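The values are calculated or read from the model by the stated rules, or taken from the named source; none is laboratory data. Given the structure is predicted, the values throughout are model-derived calculations rather than measurements. Virtual Cβ from ideal backbone geometry, glycine too; neighbours counted across all protein chains shown.
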Amino acid sequence: MVNRDPETYAIIGAAMVVHNELGHGFYETVYQEALEHELRFQKIPYEREKTFPVHYRGVELDAYYKSDFVCFGSVIVELKALQNLTNREEAQVINYLKASGLQKAILINFGAKQLQYKRMVFNLRESASSAESFLGE
């Protein structure tokens, strides 16, 4: 099997180490801190709680999005600690991609018995209204 994206593979691998060590059942903030330690240990470059402004008609709004991590300067990493992921969490990540201008994201859920993750790629044509369709609006 050829790995086409070593960056997302490395991030998911780090998340698996955290999940194997802690299991499920902790609050999201515990996993954020543990993943930060693991990213540092594995020498994966990251920024924690990176903010992205939201623009409307060329004006930067006071509102902003804050992702849990941006790794390698190009991959948004959003963490959850839920029993199951829903379309709402996917819509949130799509909006992070729109606001940031970045192309890749990983949604990671530590709350299930087995680590859940979803790689997401921003495609302007398909994503323009996809957040609304996820939420049924």
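So here's what we get for this one:
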{"read-out": "Residues of the stretch 59-85 that turn out to be surrounded by 14 or more Cβ atoms within 10 Å (Cβ to Cβ), more than 9 Å from the chain's Cα centre (by Cα) and free of Cβ contacts under 8 Å to residues at least 40 places away in the same chain, as a count", "value": "3"}
{"read-out": "Residue count for the stretch 22-31, restricted to those that are loosely packed, with under 12 Cβ neighbours inside 10 Å and not in a helix (DSSP H, G or I)", "value": "3"}
{"read-out": "Residue satisfying condition, being among the small types (G, A, S), more than 16 Å from A112 (Cα to Cα) and touching a Pro at 6+ places or on another chain (Cβ under 9 Å), within set A63, A14, A91, A34", "value": "A63"}
{"read-out": "Residue count, the stretch 32-58 (criterion: more than 13 Å from the chain's Cα centre (by Cα), over 17 Å from K104 (Cα atoms) and not in a loop (DSSP other than H, G, I, E, B))", "value": "12"}
{"read-out": "Neighbours by Cβ (under 7 Å, 6+ apart or cross-chain): first from the stretch 88-101, acidic (D, E); second surrounded by fewer than 19 Cβ atoms within 10 Å (Cβ to Cβ) and at pLDDT below 90", "value": "E90/F134"}
